[in-house]
Amino acid sequence: MPSVADGAITPAVLPPWAPPASPAEVALGEKLFFERRLSRDDRFACSTCHDLDAAGTDSRTIGEGIDGKPLRRNTLTVFNAGLSATLGWTGAFSSLESQAMASIAAPAIMGADWREVIAKLQGDAGYRADFAAVYGAGPTPVTIARALAAFQRTLVTPGSRFDRYLEGEETALTPSELAGYRLFREIGCISCHQGRNIGGNLFEQFGLFIAPGAGGKQDDPGRQEVTGRAADRNVFRVPSLRNVALTPPYFHDGSAETLGRAVTVMARTQLGRSLDPADIDRIVQFLGTLTGEYQGRPLRAAGAPQE
Ligand code: HEC
Ligand code: HEC
């Protein structure tokens, strides 16, 4: 039976604060999301790294940027990003618009020159008509970012079994999934992974009790890059756990290959606890109930068969 404590997590719904986007604006944003001409030499689209058929990510430990060099951190999914208060592992961006503009221009990601991007889209009669219809103007960095953001705000995955449980469907979870949820609350995972995105709204030290992978693993400036404060070293945005079963590997450095491993590390580093394998399994089962639906179908993991 959902109880008062469930209020810490709320169902996934389209954000009411999002500026209402017209279907034409969303369609333009979708077209741009798959558009390689937004990158240097027309090689990368947003979808190159954020594969919507692979739960919005690239399934790699650390992906590669357009310059052929490893990216700095593991690729986050774009699904439900619009539900988070800040974006990126370090919370470097506060809107989908600013994140999109930065991805296009960053030499290490898409490496584009804005003047070239605008010229390419301006030279395409289809885009000229789309931008004129939606914005009454040609493509600019701002309108490109607005369209991409409007599309990404539709990448919400409601309808997970856990959302159905929160909405009152008591039998949506099996007894062991429910036991996993109870543990998730009782041992305190929920103190950090909470809200409508089950994360995405707090910044916390990774390694409160034990440095992750103590011995060997490099430390990471984390949020210090954004705030300049030494105290923010190794501090990260608490990631959303929606669809987490579909997005291995885990952590900013992709160091946990399985969800069981990620839960084991979390319990040790964030709560100072060593969980027995049965409890880890229950929590993993609970996390599996956070997989939602996109366009009416369950979100797919990389390599899952097409229906
Ligand atoms: C070369 C791979 C790559 C490409 C191309 C790429 N991204 Fe990303 N994206 C990443 C990585 C890596 C992160 C995590 C960055 C970080 O925080 O360190 C990320 C993070 C994000 C996030 C934040 C998600 C969250 O929950 O915080 C959004 C939104 C996003 N990208 C949108 C886009 C859009 C829009 C485009 C196209 C304009 C794009 N990305 C192109 C690799 C890529
Ligand atoms: C004190 C805050 C805090 C607590 C408590 C906490 N977490 Fe986390 N969690 C984080 C942070 C911060 C990260 C990001 C770590 C990083 O930099 O990679 C994270 C990452 C994760 C990830 C990886 C997500 C991804 O996409 O890579 C999982 C899974 C996870 N936590 C599950 C749990 C579980 C299960 C518990 C309880 C056993 C828990 N967390 C307790 C803060 C917390």
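Values as computed for the structure displayed
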{"item": "Selection from segment 222-249 of residues that are part of a loop (DSSP other than H, G, I, E, B), out of contact with any Phe, Trp or Tyr (no Cβ under 8 Å at 6 or more places or on another chain) and either open to solvent by 40 Å² or more (accessible area, probe 1.4 Å) or among the small types (Gly, Ala, Ser) (or both)", "result": "Gly228, Arg229, Arg233, Ser240, Pro248"}
{"item": "Filter result for Leu148 (near ligand 1 (Cβ under 10 Å from one of its atoms), part of a helix (DSSP H, G or I), of a type outside the set (Gly, Ala, Ser) and assigned by TED's automatic domain parsing to the domain that holds Phe33)", "result": "yes"}
{"item": "Residue, nearest to ligand 1 (Cβ to nearest atom), within segment 189-221, restricted to residues that are open to solvent by less than 30 Å² (accessible area, probe 1.4 Å) and more than 17 Å from the chain's Cα centre (by Cα)", "result": "Asp220"}
{"item": "Of all residues making up segment 39-61, the number that are in a loop (DSSP other than H, G, I, E, B), open to solvent by 30 Å² or more (accessible area, probe 1.4 Å) and more than 8 Å from ligand 1 (Cβ to nearest atom)", "result": "4"}
{"item": "Close pairs (7 angstrom Cβ cut-off, 6 or more residues apart or separate chains): free of Cβ contacts under 8 Å to residues at least 24 places away in the same chain in segment 161-184, buried (at least 17 other Cβ atoms within 10 Å of the Cβ) and part of a helix (DSSP H, G or I) anywhere", "result": "Arg164/Ala172"}
{"item": "Pairs with Cβ under 7 Å, 6+ apart, first in segment 194-215 and at positive phi and at pLDDT below 90, second open to solvent by less than 70 Å² (accessible area, probe 1.4 Å) and of a type in the set (Gly, Ala, Ser)", "result": "Gly213/Ser255"}
{"item": "Candidate set: segment 104-130, residues that are more than 16 Å from ligand 1 (Cβ to nearest atom) and not in a loop (DSSP other than H, G, I, E, B); chosen: the one farthest from Phe93 (Cα to Cα)", "result": "Ala125"}
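The values are calculated or read from the model by the stated rules, or taken from the named source; none is laboratory data. Computed from a prediction, not measured in an experiment: that's the story for all the values here. Cβ atoms come from the backbone with ideal geometry, glycine included; neighbour counts cover every protein chain shown. The protein model used for the area step is the full one, side chains on, heavy atoms only, and it has no ligands, DNA or RNA in it. Shrake-Rupley method; radii C 1.70, N 1.55, O 1.52, S 1.80 Å.
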